[in-house]
């Protein structure tokens, strides 16, 4: 912009708005310093120049073992002692009363696991019989039995699992990965979310929000059934007309951007429009599982109604990994089992066992498991007991933030490993305990990102996914 001249009638000692020579020179010096600092930060990669692309592929802080991550989110919180952490002591205590204080004295009963556990694989890891197919993959998995979190209400705990904070307004782990590494495919989003068609997610879209990160880092919600994105291909408008419309829109936006180059939201919207145009051909192809062989479709469970939806999402995830998508999150609802845990957990396992085992098997057969990190878990764990009212009908388990289960596979994970442990009833993590921030730090580490270095300046301080930092779960890594 052309520099404005100071009017000749203005005093040399003081401008009309009251700024004297000393303050003028002081503010000018600050401005030069700010420009120099910005240049240095851009050179070192701390901040990005306005004309750079947020999702351009780039290397991380350290050599990463995984190029992509598939996060299998079991919404509702699966029970640790009924899936991957057997507690035979509960069988002996089944039906015995426990008195706890929840505002008033409430009679509660210990609940035995309704399933049986058997050892599997060369590692001999015990797995519940509700996962017969997944049990065959234990030699690829590192099961973390000593995980715990900070909150135990579904919405806040889901926020915490996804963003590292119990309240909305922080970027999700997928957004941080996209921000740190960009995307290897300019025609697809860097972060994709595949929801459960049976219902929404606790807390909604804030779980895959970019928050204060650039808008390009927000998770893109894709429908696993029907059109992947509603109105992605509008009727009656051909590609050439859409291209011309986009060019005209960009020319208009560029005029506004020229007047305010720091308008990152406008810049982000412009690039999102461009990405949406490219996605019109790339997304349908990436999610078209009909291109897969009959054998592959059956491997994921697409031949059975109970496993079809989860199988499609897992197969879509594998196809997106092949195409360079950095982070894919898959939701499976229904794990909240305050009563009748035997029926609820078996039903959820029937929906997911074949598809998840198929995903691990297919990734391994295609040579993709080595550089694809697969993570499984919910928002918290479950209790060893239940209220007497529920116990008399069909016993279940309540919320427990002090002990929960998760597992990882591929992407540099040590297969056939069991990390940490809980007490004899599975109530508390007691051996080599790890917090949710530690799981996040480990995910970032395997992707080649240092959780302490991956920061964004917002609201007066440098923010990060792990807040004050997390500990790498080294026992789970090869």
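Every number here is computed from the coordinates shown, using simple stated rules; none is lab data. All figures in this text were calculated on a predicted structure; none of them were measured in a lab. Don't worry about glycine lacking a Cβ; one is built from the backbone with ideal geometry, like all the others, and counts go over all protein chains shown.
If the chain linking residue 186 and residue 62 were pulled fully straight, counting 0.36 nm for each residue of separation and taking away their Cα-Cα distance, it would gain 42.3 nm. Here the translational diffusion coefficient of the range 102-230 follows from Stokes-Einstein with Rh set to the Kirkwood radius across Cα pairs; for 20 °C and 1.002 mPa s it amounts to 118 µm²/s.
State the dimensionless ratio Rg/Rh of the range 261-418 (Rg: radius of gyration of Cα atoms; Rh: Kirkwood radius). Reported Rg/Rh (Cα atoms, Kirkwood Rh): 1.07. Label-to-label distance, residue 298 versus residue 428, with points set 7 angstrom from Cα along the beta-carbon direction: 5.1 nm. Return, ordered by residue number, the residues of the range 201-228 whose backbone nitrogen is under 20 Å from a label point located 7 Å along Cα→Cβ of residue 461. Residues 211-213 qualify, since their backbone N sits under 20 Å from the label point.
When peptides 170-182, 348-360, 452-464 are sorted by average Cβ neighbour count within 10 Å, with the highest value leading, the order is 170-182, 348-360, 452-464. Cβ-Cβ distance of residue 92 and residue 474, R₀ of 25 Å, FRET efficiency by 1/(1 + (r/R0)^6): the value works out to about 0.10.
Mind ranking 126-132, 142-148, 215-221 by how tightly packed they are, going by the mean number of other C-beta atoms within 10 angstrom, highest first?
Result, highest mean first: 142-148, 215-221, 126-132.
Stretched out straight at 0.36 nm per residue, the stretch from residue 246 to residue 343 would grow longer than its current Cα-Cα span by 29.7 nm. Stokes-Einstein diffusion for the range 372-412 at 4 °C, viscosity 1.567 mPa s, with a Kirkwood radius from C-alpha pairs, works out to 106 µm²/s.
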